[in-house]
Amino acid sequence: MAKNKKIQVQGSEISFFQMDQQDYISLTDIAKHKTDDSSATIGNWMRNRNTIEFLGIWETLYNPNFKPLEFEGFRKQAGLNAFTLSPQKKLRRT
């Protein structure tokens, strides 16, 4: 397992790690820069229609196990006030 490394960005410590020559950065650490409730920040970002569209395209390109029909439900609801999506919910369903 790759060891987490940290960088300072605008006074905030952001974790990242490298695996298979790819860098992965902590969205939670970035969200903490804005507020202490990082889960709410990420949740609001994940319900945005543009974010949902991006995630669908990314999954289609890079995830051979992606379930596009399951994801279609998320895409149709994106941006609605009652719509919520968490990383865990997305992983379980798609």
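Coordinate-derived values only; no laboratory data. These numbers were taken from a predicted model, which means no experiment stands behind them. Backbone-built Cβ (ideal geometry, glycine too); neighbour counts: all protein chains shown.
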Under Stokes-Einstein, the chain at 10 °C and 1.306 mPa s, with its Kirkwood radius over C-alpha pairs, diffuses with a coefficient in µm²/s of 107
Sorted by chain and number, the residues with a modelled amide H under 5 Å from that of S86, at a separation of 5 or more or across chains, are none
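When the chain is fully extended, how far beyond the present Cα-Cα distance does K3 get from N63, taking 0.36 nm per residue of separation? Before the final figure, lay out the partial values.
Working: separation 60, 0.36 × 60 = 21.60 nm, distance 2.40 nm.
Length gained, K3 through N63: 19.2 nm.
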For the pair E70 and F17, the simple spin-label estimate (label points 7 Å beyond Cα toward Cβ) gives in nm 2.3
Restricting to lysines and to Cα separations under 30 Å from K6, and discarding same-chain partners fewer than 8 apart, the set is K32, K34, K89, K90
S39 and I25 label points (each 7 Å along its Cα→Cβ direction) are spaced in nm at 2.5
Once the in-chain neighbours fewer than 8 apart are removed, the aspartates and glutamates whose Cα is under 18 Å from K5 read E13, D20, D23, D29
